[in-house]
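For reference, the structure discussed in these notes is given below.
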Amino acid sequence: MVVGAGFALIWHMIAAPPAPKGVPPEGVTPEGVPPEGAAAGAAAAVSADEVASAVAKAVRYIKSCQAADGTWPYEKPEHKLGAATLAVFALSQAGAGENDPAVTKGMEVLASEPLEMTYDAACAALAAESVNPGKYMKVITAARDLIVSGQDRQGMWTYAAGNANRRGGDNSNTQFAILGLNAAMAVGLSVPAETISAAFDHYDKTQNKDGGWGYAPNSASYGAMTAAGVGALHILGARVFAEKEACGEYASDPRIAAGLSWLAKNYSVKTHPGGNQAYYYYYLYALERAGVFTGEKYIGGHDWYAEGAHVLVDAQNADGSWSSGRDVLPNTCFALLFLAKGNAPVLVNKLDYGGGWNVDVYDAANVTRYISTRFGQRVGWQRVTLDDSLETLLSAPILYVTGHDFPRMDAAGTAKMRAFFEAGGFMFIDNCCSKKETDTGVRGFAAAVFPDSPLAALDRSHPIYRAFSNVTASEHVFEGVHAGCRDTLIYAAGDISCAWNRNDMERDKETFEFGANLAAYVTGKERLAPKLAQYKVLPSRRAATAPPGAFAFAQIVYATGSWNPHPAAGGKLLDYLHAKAGLTVASQGVTLPLTDRNLANYPFIYLTGCKRFQLTAEEKSALREYVNRGGFLFSDAACGRAEFDESFRALMAEVFGESPLAPIPADNPVYRIGFDTSRVTYTAAVRELNPNLTALTLYGITVNGRIAVVYSPYDIGCALEQLPAYGTRGLVSEDAFKVAANVVLFALSH
Ligand SMILES: [Zn+2]
């Protein structure tokens, strides 16, 4: 084996075949490996904040190692180029921008040094693509050329690039070469089809019977090489199959399935399965790619990211590094890549409903990558199933359904989907290949789940055609089911997924732009929380039967307009009041009309809506009597809709004419009785018009010397649902909970 000069030593160490079982590999210090059981039984115990803090510490550590000339001194001074490429890539993936001095100086180094080694070229391409592909296109092009020319006759790569006639490549250099080529292809550079197919054939031919791969053909499987093989096949398959074969023929790759099955069987995030423990961190980075590329949240039933992040957070040294002795810098880079890359928010949950759910294997991966570049935030996708919890199904803003035989869903599945929508979920359904049977199935499904709201064509002025970019092509026609302030289901009867799958940006630009519009529509253009923090429903500790005196969230039903745009808001507020304010709360919200004879049993009522509405004379008189007898009304204009605002103000003037709706002064306790809301953050739609607005103004009506009505013209309810609707004018979730909780506490204490 040729171990060239430069950065190769660490790579050699990292990629060496495993030592025989029970024999510690020579020269390897085991201190860096976290103890067994570090995360046992505590899979979800690490928080997004802890990960963010570990990432920040690691970034500081890596920056502290940089020399004045922009290089990263490594154990041997001649290793500087490889160390710099990996360090810059890790810093960039952890959020350091191109103007960060450490990144700028690092990029200067790798743009000025000639690339000679496979690893260096691959990491240089990854770093340049991550930092600014336009600016560093020369680096990516040089890396691509070097890698393409360096493939051996077996379809593999070894350390020194440019040795095309040699044999004796290894799977560690090979996986990095493929990552480098992937970075080049991602920025539109071409790679010869024969390079790709030769690499694919190599992985195909050398997969062991147990489903894994070793360091070289015919060597024993171990964790890092198997995870790397899964990731490499995912990249290569997109070029070998997705572009030339008809939709559905590459629905699942048995090689990838067997590799994942090896990783499941030998699952660990505490040790390097079957491999040398010195390469534990290198293995975790490979595992992260295998999981993220294939969209698998679980490997062997384990939430590999949550568990791995927990181990890494616990194992981090005080200075922000990982491991000790040799290779601290690369180990720290690999650990940082796992933590930072793996925590990218999930934008799309792709529903595995069985059958042909995945006939377009790369659709979600391609469109989320495109959206990431357009939105300036890296987002990803994952596979979910009908057996997953409602929380998991709701964890991403978009539940994406495609394939040739949707809805293949029994009564339980349909009931689950109904619960999904009731909890505020959003679904995008694509009719892959525009099949008639699918169309019939989708329409039947929509009718079963939404008997009162039929699928209807969306007007060309709908945000789905323009939220981010204008989509004008006549073949793009969307239908939707309207609920509350938004369409909760959007259906593309014409095919979208096949274009996302083949990833031909020239031909299918508008289809990708539609993906960006869809993302803007469902996220309200807000940045997404990291994966670990997405849709963390507060633990529901509400008693099944409400104890006496428990707070009940009573919402008013009225006949006109839309009285319940955010059905999940009340329950979530009850959870919040219980968890954060220690309030004893009823098990669930109550809904009743103002004329209900039990109205007086509820000291607090909530009235909302997003349309024009009117109450009957009986309802108005019941409201007046309720308030005069000491009741309290809280109201908000759902999604900040002006139509509701106008109706509500007119109603208040009519019912409480002598006591007008007026701003509540800033020193009133309603702004701070439980939580400080003197400064709040508004949604993107408000910030675009009024970037400096941080003050909160609630409106009140004083009756018999007490504030008996509190109203917010800005949305609260949509934010309580934690699923923002496009164009919502209101508060962000965190502040909406505080404001609503304050109003409840204020009502109960006055
Ligand atoms: Zn299809």
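Points worth noting:
- Rounded, prolate or oblate (a/c below 1.5 giving rounded, otherwise prolate when a/b exceeds b/c) for the stretch 554-749 by Cα gyration tensor: rounded
- Over all distinct Cα-Cα pairs of the stretch 293-352, the Kirkwood formula returns a hydrodynamic radius of 13.0 Å.
- Shape of the stretch 347-528, Cα gyration tensor, a/c cut at 1.5: rounded
- Qualifying aspartates and glutamates (Cα of each under 14 Å from Cα of K80; at least 8 residues distant if same chain): D69, E108, E113, E116, D120, D327
- For peptides 610-617, 336-343, 211-218, sequence by mean Cβ density within 10 Å, most packed first: 336-343, 211-218, 610-617
- Counted charge near A447, where neighbours are those whose Cβ lies closer than 14 Å (Asp, Glu -1; Lys, Arg +1): -1
- Around K63: net Lys/Arg minus Asp/Glu count, Cβ-Cβ under 13 Å: +1
- Annotation: peptides 226-239, 265-278, ranked by per-residue average of other Cβ atoms within 10 Å with the highest first, follow the order 226-239, 265-278.
- In the chain, the DSSP-assigned H stretches of four residues or longer account for a calculated mean residue ellipticity at 222 nm of -13000 deg cm²/dmol, using -39500 (n - 2.57) per stretch and the full residue count as denominator.
- Burial ranking of peptide ranges 258-264, 653-659, 674-680, 430-436 (average Cβ count within 10 Å, highest at the top): 258-264, 430-436, 674-680, 653-659
- Centre-to-centre separation between the Cα atoms of the stretch 419-461 and those of the stretch 679-750: 32 Å.
- Convex hull volume per residue, computed on the Cα atoms of the chain, equals 164 Å³.
- Antiparallel %, DSSP beta bridges [both residues in the stretch 347-528], to 5: 35
Read-outs throughout are calculated quantities, based only on the coordinates presented, and are distinct from any laboratory measurement. No experiment lies behind these values; they were computed from the predicted model shown. Virtual Cβ from ideal backbone geometry, glycine too; neighbours counted across all protein chains shown.
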